[in-house]
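The values are calculated or read from the model by the stated rules, or taken from the named source; none is laboratory data. What you see is a predicted model, and the numbers here were worked out from it, not measured in a lab. Cβ sites come from the backbone with ideal geometry, for glycine too, and all protein chains shown count toward neighbours. Just the protein is used for accessible areas: all its heavy atoms, side chains included, with ligands, DNA and RNA removed. Shrake-Rupley method; radii C 1.70, N 1.55, O 1.52, S 1.80 Å.
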Amino acid sequence: QVQLVESGGGLVQAGGSLRLSCAASGGTFTSYVMGWFRQTPGKERDFVAAIPWYGGNTRYADSVKGRFTISRDNAKNTVYLQMNSLKPEDTAVYYCAARTGGLSIFLYQYDYWGQGTQVTVSS
């Protein structure tokens, strides 16, 4: 039903910026909490950021606070992740996720997932 498609990944130098986008279709976007997670080879997916359907209060992993910003444009059914001051440690596949419940940082509580987009930060 709900489809999520990430875009905007690529190769960027350390200290640079990148903006990821996630376009949603097939559902009522305004009713969904949206989140971003990331995964490196051999590790579980980790929470990065989440935003309620109405915007407002957002949540971030400690490792990205002050550098990443999550936002959403309900008119475009799109959620964004602005990534600044990127570090090599940020290299991962980034996934967009959606859920119909409340704000959550937990992987298992999200209902829909995109295919992921690779972000590589060079030193």
Exercise. Do any strands (runs of 3 or more DSSP E) lying entirely in the range 64-123 carry at least 3 residues that are of a type in the set (S, T, N, Q), and which ones are they?
Worked result: 117-122
Problem set entry | Selected residue (criterion: most open to solvent (accessible area, probe 1.4 Å)) from residues of the range 1-27 that are in a strand (DSSP E or B) and of a type in the set (Val, Ile, Thr) | Val5
Exercise. Asp90: acidic (Asp, Glu) and farther than 20 Å from Val2 by Cβ, yes or no?
Worked result: yes
For this session: Evaluate the following for Val121: is it surrounded by 19 or more Cβ atoms within 10 Å (Cβ to Cβ) and β-branched (Val, Ile, Thr)?
Result: yes
Seminar exercise, completed: All conditions in (1) farther than 21 Å from Val5 by Cα; (2) at pLDDT below 95; (3) within 12 Å of the chain's Cα centre (by Cα) are true of Arg72 except (1)
Exercise. What number goes with the only condition from (1) over 16 Å from the mean Cα position of the chain (by Cα); (2) open to solvent by 50 Å² or more (accessible area, probe 1.4 Å) that Gly101 does not pass?
Worked result: (2)
For this session: Inspect the range 38-54 for any residue being among the aliphatic types (A, V, I, L, M), open to solvent by less than 40 Å² (accessible area, probe 1.4 Å) and more than 27 Å from Gln1 (Cα to Cα) and give the result as yes or no.
Result: no
Problem set entry | Residue in the range 73-82 that is open to solvent by 60 Å² or more (accessible area, probe 1.4 Å) and of a type in the set (A, V, I, L, M) present | yes
